[in-house]
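The next block holds one structure in the form of structure tokens; read it before the comments.
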2 protein chains.
Amino acid sequence: MLSDCVRMDSYSNAVFENKHHFEGKAVLDVGKGSGILAIWSAQAGARKVYAVDATKMVEHASELVKAISVQDIFEVIEGSMEDVTFPEKVFDVIISEWMGYFLLCESMFDSVICACECWLKPSGVMYPSHARMWMAPGRSGLVDQKKSDYEDAMNDCRQILKFIESYYGVDIRVLTNPFAKEQRKYYLNVDIAVEQPSNPNQVKGTPVIIKEIDCSTGTINGIIVYFNSSISSSITAENTRHCRFAGWFDVHFRGSHENRAPQEIELTTAPNEDFGTHWGQQVFLLHPPVRAHQEDNLILNFSLTRSKENHRNGTSVVYEQVLLRMNLDPDIFPVPAKMGKFSSPCLCRLVPRGFNGATRTVWKKVPRFAMQSM
Amino acid sequence: MLSDCVRMDSYSNAVFENKHHFEGKAVLDVGKGSGILAIWSAQAGARKVYAVDATKMVEHASELVKAISVQDIFEVIEGSMEDVTFPEKVFDVIISEWMGYFLLCESMFDSVICACECWLKPSGVMYPSHARMWMAPGRSGLVDQKKSDYEDAMNDCRQILKFIESYYGVDIRVLTNPFAKEQRKYYLNVDIAVEQPSNPNQVKGTPVIIKEIDCSTGTINGIIVYFNSSISSSITAENTRHCRFAGWFDVHFRGSHENRAPQEIELTTAPNEDFGTHWGQQVFLLHPPVRAHQEDNLILNFSLTRSKENHRNGTSVVYEQVLLRMNLDPDIFPVPAKMGKFSSPCLCRLVPRGFNGATRTVWKKVPRFAMQSM
């Protein structure tokens, strides 16, 4: 967290511009990390701050507490949110930097929901209080790069098979097709990547919200295991080659219904050349790209499923893997094998400008997405 | 396999220079892959060749069989070696390219052992018949590169903590030590890598065999789950900075006791600038390096343990992960957490030239090795 200025500033502003939420209050910091959120809560006037962390960072907590002179206020507990108990019966504030890539992937959302259900006062406040997931179509140089890598691999393959024929006298060129299939999967269908630094100019359609979450109404039974969203994005550039969908998120610090934050703070991971975050954007590449025109509508059905193997006892601590699908239509596309962090077939429909009935519908297939660089 | 000429030539020579092992015989190819071993077996005169493969390559087998006109000889069976059955009661030859990185890692050794125990004639022949694992001390530029990466990370850390102090007024420099510990693990202790192209000049001590395997005496109960080896390597260069141990393997095609191969073929993955293989060498880095002199003896206790999680039902098909330890002495070194493919503390003792009793003993600690680029 420490090296991401956007993230640091958002949390710092949220706490210090809404000090009255913290003054004299009991605060719970879920997933302590460096401890900076707990320290700020204490500096903003909290009566008591408990920081819960399952990692080894806890070992250094006592030194940290001494170093910043908040021994009386600050207490660190090692353990998972599901197991710990506190002398406090309830908390006024739950603060956490729980967000993962594309909000949920490798996030600690389950722990925050658990903390909210078990330990937040009815009038208590979540920091952050709300989250949104976004998507937008656009362009990306990655598509051409991957295509070129695929072509290089196929050229190598042909040369090797030719060499085997001439040197060993065995003609196994029949393996070209299965090799091509394998390479297409690797280069063209492994399609989700974090792009950073992100450039807003790459977005060529209206960004659309695919999911909104009110963190303060979370319950363990309400853990996200699946959601489906149908979105329509209007193309904003003339005659553009659409190569990708970019996904990102934002979170808001709004307080609660009874206890609104006078200074609402937003932390966004939207494409931003100057103020990008370490989260970057998740990029889902289209092979081949779609050519579209200004005011065309790009319609996308999108669904996200948590992978079962990381759903520990119904109350998983961390969203380590999120399975992401886009309009899985088994009649048109076979169900893909899971690969990497994401696995997804994509079906998006292009509705041209002035479309008022039937005709031109372009179906794009992106059979598999897999999270890279995570 | 197809693009590795050393590998291709070794198998091709082994089969065609020992044709009498194949003529009129029943051959079992474990882990078909491209099918080239089964094809060569058929071309060498085999009466029948069964190729067993658990992967999707099997789907293309019928096309391949047609393309190379060996329909009557060649049969492909999809499944794991532990489950399949054959019309043949026993086989005269079991051929397989089963070797993984550093011989056992990600190898199909279990499947080959299973095939040998269940399906090989008492007078039958394994191709390859023997395997050896080697280690040798030497130098490597990787050590300095990793040291430099670590120093860069620590400089970044110090700058961030300084910025936080000046900008947010919070002094959390006490976190420098835990961060340094984490970074040391990442940069200095994640220490096993494949080096390629490999350079024999980097070897600066006598290579030593740490394990020999007779493939034809394998039984399921004899699957390697652990072995320990104490080796002594004599330094061959004056005043050298020893930065690594390199590990590699070779396999031999010798036939069997009753049925020797007149042309014994060796496939080696030893450092070789011109004829390196895709396996490269596994490099275990020493931090800090040891300075040694010609004829010094470097004594190393080495142990290798198969990781439990990949030991499926007692008859794992693939050595996906191999845990590697070097002289784990809990009094001197804490037991390391497992990380990556390998995890290993290393304790090696340097015995100087002319050493004849007590005195100068240098203990080097390499707390963790983890396989990279695999």
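The values are calculated or read from the model by the stated rules, or taken from the named source; none is laboratory data. Fair warning: this is a prediction, and the values are worked out from it, not measured in the lab. So basically every Cβ, Gly included, is an ideal-geometry build from the backbone, and we count neighbours across all protein chains shown. Keep in mind that these areas ignore ligands, DNA and RNA; they rest on the heavy atoms of the full protein, side chains included. Shrake-Rupley method; radii C 1.70, N 1.55, O 1.52, S 1.80 Å.
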### Query
What nm distances, shortest first, do you get from the label point of B:THR206 to those in the other copies when the point sits 7 angstrom along Cα to Cβ?
7.9
### Query
Taking a 1.4 Å probe, which of B:MET133, B:MET1 shows the most accessible area, and what order do the others take after it?
B:MET1, B:MET133
### Task
From largest accessible area down, sort B:THR240, A:THR85; use a 1.4 Å probe on the protein chains.
A:THR85, B:THR240
#### Entry: Cα gyration tensor shape for region A:38-164, rounded if a/c is under 1.5, else prolate or oblate
prolate
### Message
Tell me the accessible surface of B:GLU82 in square angstrom (1.4 angstrom probe, heavy atoms of protein chains only), to the nearest ten.
### Response
60 Å²
### Message
Report the Cα centroid-to-centroid distance between region B:1-74 and region A:121-190 in angstrom, as an integer.
### Response
30 Å
### Task
Starting from the amide H of A:SER129, placed 1.01 Å from N in the peptide plane, find each other amide H under 5 Å away whose residue is 5 or more places distant or on another chain.
A:HIS252, A:PHE253, A:ARG254, A:GLY255
### Summary
In order over region A:98-113: 3J(HN,Hα) from phi, Karplus 6.51/-1.76/1.60, θ = phi - 60°, whole Hz, x for each Gly or Pro, gives 9, 6, x, 4, 6, 6, 9, 6, 6, 8, 10, 4, 4, 5, 5, 4
### Summary
Phi-derived 3J(HN,Hα) across region A:70-76 with the Karplus relation (6.51, -1.76, 1.60, θ = phi - 60°), rounded Hz, x for Gly and Pro, is 10, 3, 6, 9, 9, 10, 10
### Task
Estimate for me the total accessible surface buried between chains A and B (protein heavy atoms, probe 1.4 Å, no ligands or nucleic acids), in Å² to the nearest 100.
2500 Å²
### Summary
Row for region A:1-97, column shape: gyration tensor on C-alpha, a ≥ b ≥ c, rounded if a/c < 1.5 i.e. under 1.5, prolate if a/b over b/c, else oblate; value rounded
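Mind checking region B:269-298 for chymotrypsin sites (Phe, Trp or Tyr not before Pro) that DSSP puts in a loop (not H, G, I, E or B) and that have at most 14 other Cβ atoms within 10 Å?
Here the chymotrypsin sites (Phe, Trp or Tyr not before Pro) that fit, given the DSSP loop and packing criteria, are B:PHE275.
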### Query
According to a simple spin-label model (label point 7 Å from Cα along Cα-to-Cβ), what is the distance in nm between B:SER229 and A:PHE275?
5.9 nm
### Message
Give me the one-decimal nm value for the distance between modelled label points at B:THR55 and B:ALA180, 7 Å along each residue's Cα-to-Cβ direction.
### Response
4.6 nm
### Message
Taking a point 7 Å out from Cα toward Cβ as the label site, list the nm distances between A:GLU295 and the same residue in every other copy, smallest first.
### Response
9.1
## Note on the structure
Sorting from shortest, the nanometre distances separating the label point of B:LYS181 (7 Å past Cα along the line to Cβ) from those of the same residue in the other copies are 5.1
## Note on the structure
Karplus ³J(HN,Hα) for region A:199-208 (6.51 cos²θ - 1.76 cosθ + 1.60, θ = phi - 60°; Hz, whole; x = Gly/Pro) runs 10, x, 5, 6, 7, 10, x, 5, x, 10
